[in-house]
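S.K.: One structure, as structure tokens, below. Some questions next.
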Amino acid sequence: MKFDIYDERKLARQLQIQKKKSWDFDKDIHWEMGIDLNKSLLPLDNNRALFPNASQEELKVISQLMGLIVASTISQLEEVACKLKVPVWEKFLNKHPVNPELFALGEQFFEEEKKHARTFKRYINMFASEVNIDPDDLSSILPSSENSSIEKIYTLNSNMGGMAMWWLISAVEEEAILFYHFLHEVKDSVDPLYYQIHRCHFEEEVRHKSYAQMMLEVHKEFESGPVSQMFKKVDFITAEVLNMTWTFKQLLKVKKLKKYKNHHQFFATLSKSIDHISNMSYYQLMHTLFNSTPYISHTLHLSEHKHVKEMLSRYKGLKLPIPSSSLGDIKCIV
Ligand SMILES: [Fe+2]
Ligand SMILES: [Fe+2]
């Protein structure tokens, strides 16, 4: 798939569409609906690999926790991308000013990501008040980029001429689009507000997902020195390693939720549910996380997403030599 970074008319037209179709944080999201705690958030896998003996009530809260983890992951990574706007985008395009249209499209891209991060964050805060907990306490058990070294490493990579952040953005966008499709299949059993947020997010992601690929194209066209050649090979691996280590670190936080079990039934049921995991051996847990846990397995296998695969072959990038999974076999319909 080639993106024509020189077709100014096409780029201007894309910007026009993005601006026209852009949704409004206050007016287009029906925040007043509130959250329906009787509904699930994300569909779980048929095999219930991680929680084989969970009751219906437990499955519902696990689905809600998974929904919050996914919302927080998307929001945190979008926030990191926006914080690194200058090193990963502005400086890079100032060095290679392809055309003003590509620049304007980038401004729109970051505006949209900022709004997405804020939207998912607001949902998480609303959920916190539903389950009788301070929003900061709920955030403390969910994925967060704060106090992690990822911002520094991506900035360093970018200052040295790498594009690891754009690889990550591209992979996470493809993932968010896939998760929306899972959600759409079970729309009626999902909290309507959660569905609406993902629907709005999906629409803008589909419209702007080519931007990360355009940045990789600029890099391919304009950066040809030996250092850049090296980064072209290893940038994706950098993103993969950082993403994998960050994901595992973030998942460990879930154990802390037990201390809120007296705040709300949501936490009481979740506390019981995570005891199922404690009974698993380390090997069994790792194997399940890597291969059969929806959302988590998808994020641990970034290189298996269709467009990422195509780009790795186009830019001759390397990926970690981890065994390929059978992500396609994970069906999320319950
Ligand atoms: Fe987004
Ligand atoms: Fe995006």
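The values are calculated or read from the model by the stated rules, or taken from the named source; none is laboratory data. On a predicted model such as this, the values are computed, not experimentally measured, just so you know. Every residue, glycine among them, receives a Cβ derived from its backbone with ideal geometry; neighbour counts consider all protein chains shown.
S.K.: Across the stretch 193-242, what is the total count of residues that are under 15 Å from the mean Cα position of the chain (by Cα) and either away from ligand 1 (no atom under 16 Å from the Cβ) or not in a helix (DSSP H, G or I) (or both)?
M.R.: Count: 4.
S.K.: Looking at Q108 and the list (1) more than 26 Å from D28 (Cβ to Cβ); (2) touching a residue at least 60 places away in the same chain (Cβ under 8 Å), which single condition is not satisfied?
M.R.: (1)
S.K.: Just to verify a result, which residue in the stretch 155-180, among those that are over 14 Å from the mean Cα position of the chain (by Cα) and surrounded by fewer than 21 Cβ atoms within 10 Å (Cβ to Cβ), is nearest to ligand 2 (Cβ to nearest atom)?
M.R.: Initial filter on the stretch 155-180 (over 14 Å from the mean Cα position of the chain (by Cα)): 155-164.
Filter once more, so that each one left must be surrounded by fewer than 21 Cβ atoms within 10 Å (Cβ to Cβ): 155-156, 159-161.
On the way: T155: 20, L156: 23, N159: 23, M160: 24, G161: 23 Å.
Ranking the candidates gives T155 first.
S.K.: For the stretch 10-33, give me the residue count where each residue is touching a residue at least 24 places away in the same chain (Cβ under 8 Å) and part of a helix (DSSP H, G or I).
M.R.: Here is the first cut: in the stretch 10-33, the ones touching a residue at least 24 places away in the same chain (Cβ under 8 Å) are 11-12, 14-15, 17-19, 21-23, 25, 28-31, 33.
Then keep just the ones that are part of a helix (DSSP H, G or I); that gives 11-12, 14-15, 17-19, 21, 31, 33.
The qualifying residues number 10.
Rundown of residues vs (1) within 16 Å of ligand 2 (Cβ to nearest atom); (2) in a helix (DSSP H, G or I); (3) in contact with a Gly (Cβ under 7 Å, 6 or more places away or on another chain), yes/no style:
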residue: L37; (1), (2), (3): no, no, no
residue: F51; (1), (2), (3): no, no, no
residue: S63; (1), (2), (3): no, yes, no
residue: L68; (1), (2), (3): no, yes, no
residue: A81; (1), (2), (3): yes, yes, no
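S.K.: Turning to a different aspect of this structure: The conditions are (1) outside any helix (DSSP H, G or I); (2) under 14 Å from V80 (Cα atoms), and N132 fails exactly one of them. Which is it?
M.R.: (2)
S.K.: Quick one: what pairs do we get from the stretch 151-172, first residue assigned to a helix (DSSP H, G or I), second crowded, with 22+ Cβ neighbours inside 10 Å and among the aromatic types (F, W, Y), C-beta under 7 Å, 6+ apart or different chains?
M.R.: A164/Y154; M165/Y154; W167/F236
S.K.: Which of the numbered conditions does Q250 fail, given that it passes all the others? Conditions: (1) closer than 21 Å to I74 by Cβ; (2) modelled with pLDDT of 90 or more; (3) of a type outside the set (A, V, I, L, M).
M.R.: Q250 satisfies every listed condition except (2).
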